[in-house]
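First the structure, in the form of structure tokens, and then the observations on it.
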Amino acid sequence: METGILELKDYGHIEIMLRQYMDERGITRNHMARMINVRYEVVDKWYKGRVERIDADILARLCYVLGCGPADLICYVGESAK
């Protein structure tokens, strides 16, 4: 049986955990934006978990500055138990 998205259903979602990493280290969104050389709005979207498309370059910059891997910042949450 194939798994596809032919109908609208709960297929899970991606969670961004940047806020936790930044808060633990006391890094502001403004400071992070300067450290990875992007606009504040870009970091703000990641911080709030409102990223629509994952930019691999931005993700790599965040991982470099925070000393972590992509799996530390991005998590797939499977479909909800009903």
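The values are calculated or read from the model by the stated rules, or taken from the named source; none is laboratory data. Because the structure is a prediction, the values reported are computed rather than measured. Quick reminder, even Gly has a Cβ in these numbers, built from the backbone with ideal geometry, and neighbours come from all protein chains shown. All accessible areas refer to the heavy atoms of the entire protein, side chains included, with ligands and DNA or RNA removed. Shrake-Rupley method; radii C 1.70, N 1.55, O 1.52, S 1.80 Å.
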When all Cα-Cα pair distances of the chain are considered, the percent exceeding 16 Å is 55
Carbon plus sulfur, as percent of the 1.4 Å-probe accessible area of the chain, comes to 50
Placing each pseudo-label 7 Å from Cα in the direction of the beta carbon, ASP55 and ALA71 end up separated by a distance in nanometres of 2.6
Once GLU79 and ARG39 are pulled to full extension, the length gained, defined as 0.36 nm per residue separation minus their Cα-Cα distance, is 11.1 nm
